[in-house]
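Trainee: To start, I am sharing the structure in question, which I have written as structure tokens.
The values are calculated or read from the model by the stated rules, or taken from the named source; none is laboratory data. All of these numbers come straight from a predicted model, not from anything done at the bench. No Cβ is skipped: glycine too gets one built from the backbone with ideal geometry, and neighbour counts run over all protein chains shown. For the accessible areas, the whole protein counts, side chains as well, though only heavy atoms, and no ligand, DNA or RNA atoms are used. Shrake-Rupley method; radii C 1.70, N 1.55, O 1.52, S 1.80 Å.
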Amino acid sequence: QVQLVESGGGLVQPGGSLRLACAASRSINSIYAMGWYRQAPGKQRELVASFTSGGSLYYLDVVKGRFTISRDNAKRTVYLQMNSLKPEDTAVYYCKVTWGATDYWGQGTQVTVSS
């Protein structure tokens, strides 16, 4: 069973930065895709950023230029660097990693942007 453990969430003021991390219990060298999602209270979960092994990269329009998705294979970790945070970025953030045809989800980490 693959486990994904997220960290890096917290409370930050508007304009601040956070880096979320998603550590996997197995190698991520051969993943098909990875992505970060978020879910705000009363809203549906939405895809924030993702990329595939084929090189396809996606960012939600409202985070373009502020968020960056990346990976460190040696650390088996996927990251989401979030800069210039806004109150509307407040949500629970989840990572998802796909090996073959199977998706695995992290437990979620709360990000709150407030003064």
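Trainee: With part of a strand (DSSP E or B) and under 12 Å from Ile28 (Cα atoms) as the only criterion, which of Val92, Val111, Val78 stands out?
Mentor: Every option except Val78 fails the conditions.
Trainee: Can you tell me which residue in segment 25-45 is farthest from Gly100 (Cα to Cα), limited to those that are open to solvent by less than 20 Å² (accessible area, probe 1.4 Å) and assigned to a loop (DSSP other than H, G, I, E, B)?
Mentor: Per the criteria, the residue is Ile28.
Trainee: Right, next: Looking at Arg71, is it farther than 24 Å from Ser115 by Cα, open to solvent by 20 Å² or more (accessible area, probe 1.4 Å), in contact (Cβ under 8 Å) with a residue 12 or more places away in the chain and in a strand (DSSP E or B)?
Mentor: So Arg71 fits the description; yes.
Trainee: Considering only segment 81-95, I want to know if a residue exists there that is open to solvent by less than 70 Å² (accessible area, probe 1.4 Å) and modelled with pLDDT under 95.
Mentor: Looking through segment 81-95, none of the residues is open to solvent by less than 70 Å² (accessible area, probe 1.4 Å) and modelled with pLDDT under 95.
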